[in-house]
Amino acid sequence: MTSSTWTQTIEIGTKRLSKSQKRFQTMNLNKCVKNHFNSSNGNTNGIFKVNVNIEDESLINKKLPKELLLRIFSYLDVVSLCRCAQVSKSWNVLALDGSNWQRVDLFDFQTDIEGPVVENISRRCGGFLKRLSLRGCKSVTDGALRTFAQNCNNIEELNLNDCKKLTDITCQNLSVQCSKLLHLNLGSCSEITDLSLKALGEGCIGLEHINLSWCEQVTKYGIQQMAGGCTRISAFISKMCPLVNDEAVIALANNCHNLRLLNLHGCSAISDDSIQRIAQNCPNMHYLCVSNCSNLTDASLIALGQGCHALKILEVSGCNQFTDTGFQSLTRNCHSIEKLDLEECVLITDSTLSYLSVGCPLLEKLSLSHCELITDEGIRHLGTSACSSQHLSVLELDNCPLITDTSLDHLITCHSLQRIELYDCQLITRAGIRRLRNHLPDLKVHAYFAPVTPPPSVTPRPRYCRCCVIL
């Protein structure tokens with residue numbers, strides 16, 4: 001196709017699209033998507049009949065082959081495809097072709113999505129669908145997911161976060177029908193139990209990523225059965241699962257040696273035994289969150305320093321038994337750490353910052369909120385470290401009562417610093433913040449200053465009110 005012909009085709013196509021866009025300006029997009037998938041309008045193949053005045057044999061359809069139009073449509077989202085489906089009959093067929101619906105995210109329409117919508121999507125997409133997100137679609141039930149599993153056997157990534165009506169029946173159907181499943185998000189599906197994990201361990205042995213956050217009925221037995229079958233798991237998330245204990249984590253460590261991401265936020269039952277086994281068997285670990293796991297001690301940090309040298313992100317907020325000794329061992333070998341959350345690690349002192357300044361040259365984000373023993377001397381170590389000028393971008397110092405303006409002066413050389421948190425740092429002044437921003441004009445400073453106490457009144461307040469004087 002010559003450049004002039006291509007330009008002419010695009011111009012004509014643009015004119016015709018602009019006419020169609022006028023009709024869609026007042027259209028409710030949520031209703032549009034819902035209408036497209038709530039019924040088949042008597043069409044067994046799922047193609048919707050539309051009455052439009054645009055001729056199917058328009059110039060853009062003549063000049064562009066259907067294969068090219070299909071390729072263009074494959075880059076569009078759900079809303080855009082539904083719009084294109086109403087332009088003409090030929091575009092309706094192409095836009096609603098199953099090959100264009102390999103990735104579907106219905107989060108923006110969660111209030112409209114019910115079981116029949118999911119069933120019709122599964123019938124239309126069939127084996128083409130690889131990724132589906134039903135996050136927040138609380139009306140979806142096991143029946144809809146059963147139909148989905150039967151039609152979409154090639155699904156690889158499925159997000160069911162906050163689909164609260166789903167039970168173990170859904171996971172059992174996925175286990176039987178969807179053996180290619182790689183990513184599964186069951187966060188906040190409160191009816192999920194160990195039976196679901198047992199089914200996944202039997203039928204979805206290729207599973208790599210699983211999210212069980214807030215699935216409060218999951219116990220060690222389910223995780224043990226899943227880990228025994230799904231040995232390829234590289235990411236395991238179980239935030240706020242109170243029944244996840246050492247035996248569950250040890251089962252993961254013993255079977256899933258490729259584990260790279262582990263989030264145990266709020267799993268308060270775990271102890272040093274879990275982290276020590278992770279450090280021994282999972283050397284590729286690069287993200288670990290054990291925030292609010294208050295039973296952990298320096299033994300966990302020492303084990304991580306010995307076995308997880310590739311660690312990049314460590315979140316230990318609320319682990320109030322960690323001390324300088326543990327972080328000294330950690331930083332001796334873990335030189336790739338980029339993000340470190342030490343909020344409420346109340347026993348650490350300036351020595352920890354000294355170790356970080358030497359052992360973590362790539363550090364980008366550091367949270368020291370509520371670390372009340374940190375002083376200006378610790379910030380001085382940080383400001384003169386290898387990471388300060390090139391990498392450090394976020395520093396959180398909320399509720400560090402010993403920090404003064406001197407600390408801000410030590411941070412002047414941190415040219416990559418983008419944000420600093422100073423809430424409730426009582427010794428920080430506006431003048432100190434101004435000096436820092438003079439050197440770092442793009443820096444975002446979040447601080448709070450109590451309102452100034454009004455000066456005492458010049459006229460002394462009378463001891464008695466006027467009525468008392470009269471009396």
### Query
When segment 393-407 is examined, which residues are found to be among the polar types (S, T, N, Q), outside any helix (DSSP H, G or I) and open to solvent by 20 Å² or more (accessible area, probe 1.4 Å)?
Asn399, Thr404
### Message
So in segment 308-320, with the set limited to residues that are open to solvent by less than 20 Å² (accessible area, probe 1.4 Å) and out of contact with any strand residue (DSSP E or B) (no Cβ under 9 Å at 6 or more places or on another chain), which one is nearest to Arg332 (Cα to Cα)?
### Response
Cys319
### Query
How many of the residues making up segment 281-294 are open to solvent by less than 10 Å² (accessible area, probe 1.4 Å) and under 12 Å from Gly266 (Cβ atoms)?
4
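Listed here are the residues, each with its yes/no results for (1) over 30 Å from Ala310 (Cβ atoms); (2) part of a loop (DSSP other than H, G, I, E, B); (3) in contact with a helix residue (DSSP H, G or I) (Cβ under 9 Å, 6 or more places away or on another chain); (4) at pLDDT 95 or above.
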| site | (1), (2), (3), (4) |
| --- | --- |
| Leu356 | no, no, yes, yes |
| Leu363 | no, yes, yes, yes |
| Ser369 | no, yes, no, yes |
| Ile374 | no, yes, yes, yes |
| Ser388 | no, yes, yes, no |
| Leu436 | yes, no, yes, yes |
| Pro455 | yes, yes, no, no |
| Pro462 | yes, yes, yes, no |
#### Entry: Search result, residues across segment 221-242 that are open to solvent by 10 Å² or more (accessible area, probe 1.4 Å) and over 23 Å from the mean Cα position of the chain (by Cα)
Tyr221, Gln224, Gln225, Gly228, Gly229, Thr231
### Query
What are the residues in segment 92-107 that are open to solvent by less than 20 Å² (accessible area, probe 1.4 Å) and of a type in the set (S, T, N, Q), if any?
Asn92, Asn100
### Matching residues, segment 155-213, being over 15 Å from Lys130 (Cβ atoms), over 24 Å from the mean Cα position of the chain (by Cα) and not polar (S, T, N, Q)
Asp168, Ile169, Val176, Asp194, Leu195, Lys198, Ala199, Gly201, Glu202, Gly203, Ile205
### Sole residue being in contact (Cβ under 8 Å) with a residue 12 or more places away in the chain and buried (at least 22 other Cβ atoms within 10 Å of the Cβ), chosen from Thr297, Thr331, Thr325
Thr331
### Summary
Residue set Ser133, Ser175, Ser196, Ser139; condition touching a strand residue (DSSP E or B) at 6+ places or on another chain (Cβ under 8 Å) and hydroxyl-bearing (Ser, Thr, Tyr); output residue Ser133
### Query
Before we move on, is Leu207 closer than 22 Å to Gln102 by Cβ, in the same structural domain as Arg135 (by the TED database), in contact (Cβ under 8 Å) with a residue 24 or more places away in the chain and not in a loop (DSSP other than H, G, I, E, B)?
no
## Note on the structure
Those residues of segment 57-91 which are more than 25 Å from Asp105 (Cβ to Cβ), of a type in the set (Lys, Arg) and crowded, with 16+ Cβ neighbours inside 10 Å amount to Lys63, Lys89
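Okay, residues lined up against (1) outside any loop (DSSP other than H, G, I, E, B); (2) modelled with pLDDT of 90 or more:
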| site | (1), (2) |
| --- | --- |
| Ile113 | no, no |
| Val118 | yes, yes |
| Cys125 | yes, no |
| Leu132 | yes, yes |
| Arg135 | no, yes |
| Val140 | no, yes |
| Thr147 | yes, yes |
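The values are calculated or read from the model by the stated rules, or taken from the named source; none is laboratory data. This structure is a prediction, so every number in the text was calculated from the model and none was measured. Glycine also receives a Cβ, built like all others from the backbone with ideal geometry; neighbour counts cover every protein chain displayed. In case anyone asks, the SASA skips ligands and DNA or RNA and just uses the protein heavy atoms, side chains included. Shrake-Rupley method; radii C 1.70, N 1.55, O 1.52, S 1.80 Å.
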